[in-house]
1. By counting other Cβ atoms within 10 Å of each Cβ, how are Ile199, Ile316, Ile112 ranked from fewest to most?
2. Cross-link partners among lysines for Lys302, C-alpha distance below 21 Å, same-chain residues fewer than 8 apart left out?
3. Which one, Phe297, Phe176, Phe13, has the greatest fluctuation when you compute a Gaussian network model over the chain with C-alpha springs under 10 angstrom?
4. Farthest toward the dipole's positive end in segment 231-291, which of Ile260, Phe291, Pro233, given Cβ charges of +1 (Lys, Arg) and -1 (Asp, Glu) about the Cα centre?
5. In segment 1-99, what GluC sites (Glu not before Pro) fall in a loop by DSSP, with at most 14 other Cβ atoms inside 10 Å?
6. List Thr246, Thr95 from most exposed to least, where exposure is judged by having the fewest other Cβ atoms within 10 Å.
7. Ignoring everything except DSSP H segments at least 4 long, calculate the 222 nm mean residue ellipticity for the chain; use -39,500 (n - 2.57) per segment, divide by total residues, nearest 500.
8. Which percent, nearest 5, of DSSP beta bridges in the chain are antiparallel?
Amino acid sequence: MNEPSVAVVILNFNGKSFLEQFLPSVLATDYSNSTIYVADNGSSDDSLAFVQETFTTVKTLDLKENWGFAEGYNKALKQITADYYVLLNSDVEVTNNWIHPMVELLESDRTIAAAQPLIRMHGHEHLFEYAGAAGGWIDKLGYPFCRGRIFDELEEDKGQYSDTTEVFWATGAALFIRAELYHNLGGLDGDFFAHMEEIDLCWRLKRAGYKIMVCPESVVYHVGGGTLPKTNPRKTFLNFRNSLITLAKNEPASKLLWLIPTRLALDGVAGVKFVKEGKLKDCWAIIRAHFAFYGSFLKTMKKRRIFKEVLEIHRIAPLNKIGIFQKSILVQFFLRGKKHFSDLQR
């Protein structure tokens, strides 16, 4: 029996050092029916030429300009045919047998749309890594967190999340997804540029009744912040803007009536916190994010209607609510001192 085809797609922007360091681990992967692609987002360094000259078995796609994470992948994946796509960050080191368990899991249940491996921190391998850890959850106010990471609090991996289980979202740092579903449900939202786009896509998949999984038998190591540092005001802007857009696209209209004002107020609290910390540019980024959200509201509502129609066509079940924390993670973390996912009373 032939193994399903897997396309491992690495989106690159001026990432020569990461490709040089981590691409050999991807090439050493023990999976016979995989093809590795590097899709270049208009890099100004010589990373694309470096890959073509040094890693001759790797296929390359020149996207000509920097489309960002979301639209970059959309443009790349339109050119690639496979059973499964793997969206892999350039700053990820993989283990030899990281693909087999993921494909076996996806093949075992057609209602599993996407999945992620366990994400540990490169250089601090005993810790879970920020961007995904042991699978993503979301709270009732739309704040994302992970098994193994709540806000900036990283847990040590002691095997406490070593079960294959359903989550709400899978990290874009190493996202396995059925190619057919990626295209049928609209792919990543290109207007996001970067950040939150994988949560938006996974939310659509969950709304269509599909499962999102984490498979701890597969482990990868992520540097994190390789493309845009965590303290960058540009990242602050994208996170706050895209989070609001994600809610507006996916939450029921009745909930949005109170949720959006609540989130705007809480964003204001975050802005005050940035000011107290002397991070004035981050505070200004939140303000700009709010105005960008208002400015894109009509466009967002149009997307909401379009995706609702698309989901009705491809729906297999009602909204899959597994991975939604029906309380406030802000209250649990900041007021009740619940720093670990395992401490949360679900």
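Nothing in this text is a laboratory measurement; each read-out follows from the coordinates by a stated rule. Just so you know, these numbers come straight off a predicted model, no measurement behind them. Neighbour counts are summed over all protein chains in view; Cβ atoms, including those assigned to glycine, are modelled from backbone coordinates with ideal geometry.
1. So the ranking, lowest neighbour count to highest, is Ile316, Ile112, Ile199.
2. Of all the lysines, those that pass the test against Lys302 - Cα under 21 Å, at least 8 places apart if same chain - are Lys206, Lys249, Lys255.
3. In this elastic network of the chain, the residue with the biggest mean-square fluctuation among Phe297, Phe176, Phe13 is Phe297.
4. Toward the positive end, the furthest listed residue is Pro233.
5. Numbers: sites: Glu20, Glu53, Glu65, Glu71, Glu93; in loops: Glu65.
Filter output for segment 1-99: Glu65.
6. Working: Thr246 22, Thr95 16.
Least crowded to most crowded, the residues run Thr95, Thr246.
7. On the way: 10 runs with 133 residues, N = 346.
After summing the helix terms and dividing by the residues of the chain, the value is -12000 deg cm²/dmol.
8. Details: 23 of 50 bridges.
Roughly 45 percent of the DSSP beta bridges within the chain come out antiparallel.
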